[in-house]
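Here the structure comes first, spelled out in structure tokens, and everything after it is commentary.
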Amino acid sequence: MRRNAKEEGFALIMMIGIMAALAIMAATVVMVTANTQAATADGRSQVSSFDYAEAGLQSAVAAVRTLPWPATGQSFTASSLTAAYDATYPSGPPLKVLVYDNQPAVDPAITWDKGGSTNSGVPDGKLWAEAQVTVNGKTSRVRELVGQVNLTSKLSLPAAALYTDANIVDGTGGSGDAYAVTASGTPDTAKTAAVYAGGSFTGNWSSNLQPPGGAAGATLAVDTNGTVYNPAAYGDTTSHPGTGGVAPLASVLPQSTLATLTAQARAGTPTQADASGTVVTSTLLSQLQATSPQTYNAATDLVVNGNLTLGGGTSTFTFKSLYVTGNLTLGGNTNTNTTSLYVGGSFTISGPSGTSSFGPTYVGGNVNWGGALSVHASPLYVAGNFVTQGGPFSHVLGPTYVGGSVTIAGNQASFLCPILVTPGQITTSGSATMGTVLAPMVLLQNGGAAGTMSLSSNGTFTGLVINMDGGVNLPAGNGSTADIVGAVFSTGAITFGGNTQVCYNPTVLGNLQTTAASTSTNVLAGTWQELSPSGSY
């Protein structure tokens with residue numbers, strides 16, 4: 001049936017309306033799709049910037065944990081802070097990193113440990129590490145607090161009879177040797193210990209690395225960065241390639257450990273004697289210095305302004321604190337005891353025998369002890385040179401620091417001291433024994449001019465010998481028994497002469513009465529923060 005004109009017009013209007021609605025719907029779909037795509041891209045950029053910022057933060061934290069912290073006014077280099085990030089993401093977005101102090105009010109310009117959150121002027125071992133990355137206009141910014149903790153533990157040492165940055169030389173004219181025993185004292189044929197040389201090892205037909213009397217093979221491995229010449233081990237006169245990989249002694253005994261050992265040895269300073277005690281009158285001084293026999297018991301702490309010489313006949317002096325501004329000399333057949341002693345000048349002993357105890361002792365000059373007097377002093381600080389000789393004597397000292405050279409001689413003598421540190425040169429001779437298995441000794445030459453330590457005593461040294469300033473000469477030896485029981489470490493050459501024997505003994509090294517310091521640097525739990533991209537804190 002034919003539609004009229006009105007019906008056709010109405011249909012056209014409806015068609016136009018439907019088309020308009022469809023157009024609007026299509027435009028809406030396009031707009032929503034575009035907005036969704038933009039939002040998705042922004043989200044991806046935000047996530048990406050956050051991930052890169054986290055990677056940057058971990059790069060900065062790794063540097064702060066492993067590198068030395070900046071001194072006052074200094075900072076970490078930018079390249080060190082971004083090194084791990086740059087290596088992992090060579091084409092990644094630019095990274096901005098900061099390391100700054102945890103001041104009460106944040107100041108990124110303070111790039112060292114100046115203070116802490118509660119006191120801006122007292123370092124607290126904490127630094128902030130911060131990282132910021134922008135990806136397609138989206139910025140992420142994060143930070144974390146890194147803290148240092150100082151630790152003290154037993155001195156940790158490699159299993160080494162000998163350790164040197166230079167050469168180990170067992171001269172062709174001698175019969176010296178090194179060997180190792182187990183904790184039970186049996187030959188260590190498993191070779192769990194070694195001799196380490198940053199240079200070369202030169203042995204001879206006697207250096208078979210076995211205990212006197214032989215064993216079922218060598219008891220020490222030989223690791224060198226140079227060559228190994230050892231006819232006794234190889235059966236030939238050829239220099240063989242070394243193993244390589246011997247690290248510098250400074251990595252085994254870092255500065256922090258040496259500083260801790262030195263601090264232990266310096267326990268005798270400042271003096272513990274009483275500088276405000278009763279001043280000795282001229283009358284009392286004349287009485288004390290009389291040459292006739294006497295017995296004197298001090299009722300109070302005493303101060304002697306000037307020198308004090310005690311000697312003469314058989315006499316006994318018992319002091320409380322004794323503070324002598326000048327020199328102190330003990331002679332004759334005297335027995336002298338103090339609860340604490342200060343000598344501003346030199347401290348000389350010649351003549352007495354028996355045992356004298358001085359307690360904590362400080363000597364501002366030189367020490368020169370001779371004769372047969374056994375000295376007990378703990379701790380002992382000597383600003384000048386230290387010489388002990390004569391004998392028989394049995395010195396028992398606490399931690400000892402000597403500012404000058406050290407000479408230990410004597411026959412039929414013993415010398416017990418947990419640690420002796422000096423920047424001067426150390427020399428031993430005679431037949432004095434030093435240390436025991438249960439009370440071994442650390443003998444440390446460190447912090448002075450380059451110099452060789454000479455251990456020419458044919459008595460047994462038990463403990464650890466260290467020379468950070470040069471080499472160690474072992475020119476003597478008694479052949480049948482070990483001259484050194486423990487270990488020898490040095491930056492310079494270790495040179496054998498005569499028939500010196502070095503016995504590595506893990507029990508001795510485990511009994512050392514010393515500690516070592518180390519610093520542990522770690523992220524502090526619960527300190528991670530996501531910061532505003534605007535730069536505020």
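The values are calculated or read from the model by the stated rules, or taken from the named source; none is laboratory data. Nothing here was measured: the structure is a model prediction, and the numbers come from that model. All Cβ positions, even for glycine, are placed from backbone atoms using ideal geometry, and neighbour counts span all protein chains on display.
Could you check how many residues of segment 369-387 are over 20 Å from G448 (Cβ atoms) and of a type in the set (S, T, N, Q)?
Applying the first criterion (over 20 Å from G448 (Cβ atoms)) to segment 369-387 yields 369-379.
The next check asks that each one be of a type in the set (S, T, N, Q); those that pass are 374, 378.
Residues in segment 369-387 being over 20 Å from G448 (Cβ atoms) and of a type in the set (S, T, N, Q): 2 in total.
Per-residue answers, yes or no, for (1) outside the structural domain of L145 (by TED's automatic domain parsing); (2) modelled with pLDDT under 95; (3) of a type outside the set (G, A, S); (4) touching an Asp or Glu at 6+ places or on another chain (Cβ under 7 Å):
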residue: Q58; (1), (2), (3), (4): no, no, yes, no
residue: R65; (1), (2), (3), (4): no, yes, yes, no
residue: P70; (1), (2), (3), (4): no, yes, yes, no
residue: A84; (1), (2), (3), (4): no, yes, no, no
residue: S91; (1), (2), (3), (4): no, yes, no, no
residue: V97; (1), (2), (3), (4): no, no, yes, yes
residue: A105; (1), (2), (3), (4): no, yes, no, no
residue: I110; (1), (2), (3), (4): no, no, yes, yes
Leading residue by the ranking (nearest to the chain's Cα centre (by Cα)) among those in segment 231-246 that are surrounded by fewer than 19 Cβ atoms within 10 Å (Cβ to Cβ) and in contact (Cβ under 8 Å) with a residue 12 or more places away in the chain
G245
Take the residues in segment 209-230 that are at pLDDT 90 or above and farther than 14 Å from A161 by Cα, then tell me which one is surrounded by the most Cβ atoms within 10 Å (Cβ to Cβ).
N230
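I'd like the residue in segment 150-178 that is assigned to a strand (DSSP E or B) and either surrounded by fewer than 18 Cβ atoms within 10 Å (Cβ to Cβ) or in contact with a Cys (Cβ under 6 Å, 6 or more places away or on another chain) (or both) and, out of all such residues, is modelled with the highest pLDDT.
K154
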Given the criterion within 30 Å of G398 (Cα to Cα) and not in a helix (DSSP H, G or I), identify the matching residue among S251, S276, S292, S256.
S276
Take G492 and tell me if it is in a loop (DSSP other than H, G, I, E, B), at pLDDT 95 or above and in the same structural domain as V195 (by TED's automatic domain parsing).
yes
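Residue by residue through segment 74-132, note down the ones that are outside any loop (DSSP other than H, G, I, E, B) and of a type in the set (S, T, Y).
Within segment 74-132, the subset outside any loop (DSSP other than H, G, I, E, B) is 78-88, 95-101, 126-132.
Those that are outside any loop (DSSP other than H, G, I, E, B) and of a type in the set (S, T, Y): S79, S80, T82, Y85, T88, Y100.
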What are the pairs, 6+ residues apart or on separate chains, where a residue within segment 116-135 that is among the aromatic types (F, W, Y) has its Cβ under 7 Å from a residue that is surrounded by 15 or more Cβ atoms within 10 Å (Cβ to Cβ) and assigned to a loop (DSSP other than H, G, I, E, B)?
W128/N102
Would you tally the residues in segment 502-531 being touching a strand residue (DSSP E or B) at 6+ places or on another chain (Cβ under 7 Å) and farther than 15 Å from Y163 by Cα?
18
